[in-house]
Amino acid sequence: MLILARTAAFFAVFPALGGPAVPMRIKAAAAAVLSILLYGAVPAPAILPTATMAQLLLVLRETLLGLMLGSLVHFVFMSAQFAGQAIGVQMGLAAASLFDPSTRETVSVSGRLYYLLALLLFLTLNLHHHFLAGLGRSFTVLPLGEAGLAGTGFLRWAELSGQVLLLALRL
């Protein structure tokens, strides 16, 4: 259950399978299949709490961890979209926009083009394999049921998010 919580949250925001453009059944199936594959490789937690509230907190922790890992990948794609929008404004294409059903908002044409080009490169260069392997390694770095993600984990996530935003401004 804890493995599924982390992988499902990861797939909820993972760019290749995230957003409303991909049906929920496909995201749920991908998370379930990956959880089943990871089940034998992930070390079992030493002690699991028996109290219901403690178990809910563990599931919430794993869900937040999956969201954090997936959002780091998502921030890279949002930085590409931001760069495309900035370039579109400089080219005078700020008024040219379209409704994006995957984000349910109006985005500039150049921003959406940069987002799709980044996604195309991401999939073509098989970088999604590395990120999925990183999700698997996250279970050894931050094992199930341990309280290893204190304030330093959130600070590291915020630092990485800031670096990705800086990358967007440089693009």
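The values are calculated or read from the model by the stated rules, or taken from the named source; none is laboratory data. What you see is a predicted model, and the numbers here were worked out from it, not measured in a lab. Cβ placement follows ideal geometry from the backbone for every residue including glycine, while neighbour counts extend to all protein chains displayed. Note: accessible area is taken over every heavy atom of the protein model, side chains too, but ligands, DNA and RNA are not part of it. Shrake-Rupley method; radii C 1.70, N 1.55, O 1.52, S 1.80 Å.
Here is how the numbers come out for the structure above:
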| item | result |
| --- | --- |
| Any hit, region 60-70, residues being acidic (D, E) and free of Cβ contacts under 8 Å to residues at least 40 places away in the same chain | no |
| Filtered residues of region 28-42 (kept if in a helix (DSSP H, G or I) and either in contact with a Cys (Cβ under 7 Å, 6 or more places away or on another chain) or among the aliphatic types (A, V, I, L, M) (or both)) | A28, A29, A30, A31, A32, V33, L34, I36, L37, L38 |
| Close pairs (9 angstrom Cβ cut-off, 6 or more residues apart or separate chains): touching a residue at least 24 places away in the same chain (Cβ under 8 Å) and closer than 10 Å to G84 by Cα in region 112-130, open to solvent by 90 Å² or more (accessible area, probe 1.4 Å) and part of a helix (DSSP H, G or I) anywhere | Y114/F82 |
| F82 vs. criteria assigned to a helix (DSSP H, G or I), modelled with pLDDT of 80 or more and under 15 Å from the mean Cα position of the chain (by Cα) | no |
| Any hit, region 127-148, residues being open to solvent by 70 Å² or more (accessible area, probe 1.4 Å), modelled with pLDDT of 75 or more, over 30 Å from V42 (Cα atoms) and not β-branched (V, I, T) | no |
| Qualifying residue in region 13-27 (condition: in contact (Cβ under 8 Å) with a residue 24 or more places away in the chain, among the aromatic types (F, W, Y) and not in a loop (DSSP other than H, G, I, E, B)) | no |
| Within region 73-85, tally of residues that are open to solvent by 40 Å² or more (accessible area, probe 1.4 Å) and among the aliphatic types (A, V, I, L, M) | 2 |
| Among the residues listed as T124, T152, T103, the single one being modelled with pLDDT of 75 or more and open to solvent by 40 Å² or more (accessible area, probe 1.4 Å) | T124 |
| Test set (1) of a type outside the set (K, R); (2) modelled with pLDDT under 80; (3) more than 30 Å from I47 (Cα to Cα); (4) in a helix (DSSP H, G or I) - G88 fails condition number | (2) |
| Tally of residues being modelled with pLDDT of 80 or more, under 15 Å from L65 (Cβ atoms) and over 13 Å from the mean Cα position of the chain (by Cα) across region 1-33 | 4 |
| Count of residues meeting criterion [of a type outside the set (A, V, I, L, M, F, W, C), open to solvent by 30 Å² or more (accessible area, probe 1.4 Å) and touching a residue at least 24 places away in the same chain (Cβ under 8 Å)] in region 28-48 | 3 |
